[in-house]
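*Asks:* Handing you this structure, nothing more for now.
The values are calculated or read from the model by the stated rules, or taken from the named source; none is laboratory data. Computed from a predicted model, the values in this text were never measured in an experiment. Glycine also receives a Cβ, built like all others from the backbone with ideal geometry; neighbour counts cover every protein chain displayed. For the accessible areas, the whole protein counts, side chains as well, though only heavy atoms, and no ligand, DNA or RNA atoms are used. Shrake-Rupley method; radii C 1.70, N 1.55, O 1.52, S 1.80 Å.
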Amino acid sequence: MLIGMTYDLKDDYLKEGYEPESVAECDSLVTIDAIDAALQKLGHQTVRIGNVKALVARLAEGRRWDLVFNIAEGLFGLLRESQIPALLDAYQIPYVFSEGFVLAICLHKGFTKDVVRKAGVATADFCTLSHPEDYKKVDLPYPLFLKPVAGGTGIGITASSKVTNPGQLKSVSQAMLAAYEQPVLVETYLSGREFTVGITGTGDDAVSTGVMEIIIDHQSDGGIYSYKTKQEYVTTTCYEKPEAAAWKACEAVALAAWQALGCRDGGRVDVKMDEKGVVHFLEVNPLAGLHPIDSDLPILSRMHGLSYDELIARIVHSAQKRLGL
């Protein structure tokens, strides 16, 4: 097939003057090169398209592809991840990964938790704050954990995200609202072990590529998997295979959430235990990072014997199967 590639290249935005944190979810040339090489090894021809503006220009020129491998996260608004899928839908061009509607739901962590909870998946009690005085309405037991509702790659998360009293709740929530110009998710803090689960496939065909426990040095942001910790993971974080019981419990929660949300082809689900060891859904990344060395999905897949090229092959084969290509 002729496969187009859509993505947001981090270097392009840095050259335009964007701050590193604001483009943390964008991809490096290493990632684009690795995906391109993997697709060509599968026998496909590839065309590098780029971001949403580049796609608009190509479509206006009459360019078309048999399939688009889309990893573009976008930069602005709660529909940023949905922009390219929506355009491709309008032109009836098939693409890899979830559709725009699913990406929009999954980007808003509050809506995501609502969907999985209604499907019977355990997730911590929560609420969302949209205005500076909304902290007064929070009726959840402390400690609480706060993060931007549509952030990724740990953006907005620091040691101060864990709050233990109303004063901290007020100051942290108001600071987040001002800094990130989006609602803030407030949820009951889960004090247990943290894991991430890789998934490939769609619907009943979805399977885990493995489970990875995330163990963080408590000297780094108080042991929180924050933006800083993720950027410095080589020195602050240890990744391990969990024991069988934890592994199975994490997979069950992750797959149930993946299917309830309608995610497709490949991605990652983050889960965490409470103080009793019960696994809870945290969030889903239906456009998971695919850096061959640094991203969690390739790391955990490799840990479980699945190479990078095999991971990309599974993702593409899932798209081909559901599309009949």
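*Asks:* Within the set of pairs 6+ apart or on separate chains, which have a first residue in the stretch 1-23 that is farther than 23 Å from Val47 by Cα, a second that is open to solvent by 70 Å² or more (accessible area, probe 1.4 Å) and part of a loop (DSSP other than H, G, I, E, B), and C-beta atoms under 8 Å apart?
*Replies:* Sorted first by the residue in the stretch 1-23, then by its partner, the pairs are Leu14/Pro20.
*Asks:* Out of Thr164, Thr202, report the one residue that is open to solvent by 20 Å² or more (accessible area, probe 1.4 Å), of a type in the set (Ser, Thr, Tyr) and touching a Ser or Thr at 6+ places or on another chain (Cβ under 6 Å). Steps first, please.
*Replies:* Numbers: Thr164 fails: touching a Ser or Thr at 6+ places or on another chain (Cβ under 6 Å).
Answer to the check: Thr202.
*Asks:* Is there any pair linking a residue in the stretch 96-124 that is under 22 Å from Ala249 (Cα atoms) to one that is open to solvent by 60 Å² or more (accessible area, probe 1.4 Å) and of a type in the set (Lys, Arg), with Cβ under 7 Å and at least six apart or on different chains, and which?
*Replies:* Thr123/Arg117
*Asks:* Out of everything in the stretch 31-67 that is β-branched (Val, Ile, Thr) and within 21 Å of Arg322 (Cα to Cα), what residue ends up being nearest to the chain's Cα centre (by Cα)?
*Replies:* Applying the filter and picking the extreme gives Ile35.
*Asks:* Answer yes or no as to whether Leu255 is farther than 14 Å from Phe145 by Cα, in contact with a His (Cβ under 8 Å, 6 or more places away or on another chain), outside any strand (DSSP E or B) and hydrophobic (A, V, I, L, M, F, W, C). Show your work before the answer.
*Replies:* Working: farther than 14 Å from Phe145 by Cα: yes; in contact with a His (Cβ under 8 Å, 6 or more places away or on another chain): no; outside any strand (DSSP E or B): yes; hydrophobic (A, V, I, L, M, F, W, C): yes.
No; evaluated as a whole, the condition is false for this residue.
Conditions tested, residue by residue: (1) modelled with pLDDT of 95 or more; (2) surrounded by 15 or more Cβ atoms within 10 Å (Cβ to Cβ); (3) of a type in the set (Phe, Trp, Tyr); (4) more than 17 Å from the chain's Cα centre (by Cα).
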| site | (1), (2), (3), (4) |
| --- | --- |
| Asn70 | yes, yes, no, no |
| Ile84 | yes, yes, no, no |
| Ile93 | yes, yes, no, yes |
| Phe101 | yes, no, yes, no |
| Cys106 | yes, yes, no, no |
| His131 | yes, no, no, yes |
| Tyr135 | yes, yes, yes, yes |
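*Asks:* Moving on. When the residues of the stretch 284-313 are filtered to those that are in a loop (DSSP other than H, G, I, E, B) and of a type in the set (Ser, Thr, Tyr), which remaining residue is surrounded by the most Cβ atoms within 10 Å (Cβ to Cβ)? Even if it seems obvious, please write down each step before you answer.
*Replies:* Just the residues of the stretch 284-313 that are in a loop (DSSP other than H, G, I, E, B), to begin with: 286-295, 304-307.
Subset that is of a type in the set (Ser, Thr, Tyr): 295, 307.
Numbers: Ser295: 19, Ser307: 13.
Among those residues, the one meeting the criterion is Ser295.
*Asks:* Give me the residue from the stretch 247-278 that is open to solvent by less than 10 Å² (accessible area, probe 1.4 Å) and of a type in the set (A, V, I, L, M, F, W, C) and, out of that set, farthest from the chain's Cα centre (by Cα). Spell out the reasoning first.
*Replies:* Step one: filter the stretch 247-278 for residues open to solvent by less than 10 Å² (accessible area, probe 1.4 Å), giving 250, 254, 257-258, 263, 265-267, 269, 271.
Filter once more, so that each one left must be of a type in the set (A, V, I, L, M, F, W, C): 250, 254, 257-258, 263, 269, 271.
Working: Cys250: 17, Ala254: 13, Ala257: 13, Trp258: 12, Cys263: 12, Val269: 8, Val271: 12 Å.
Looking at the filtered set, the residue picked out is Cys250.
*Asks:* Report, by residue number, each residue of the stretch 263-316 that is free of Cβ contacts under 8 Å to residues at least 24 places away in the same chain and among the acidic types (Asp, Glu).
*Replies:* Glu310
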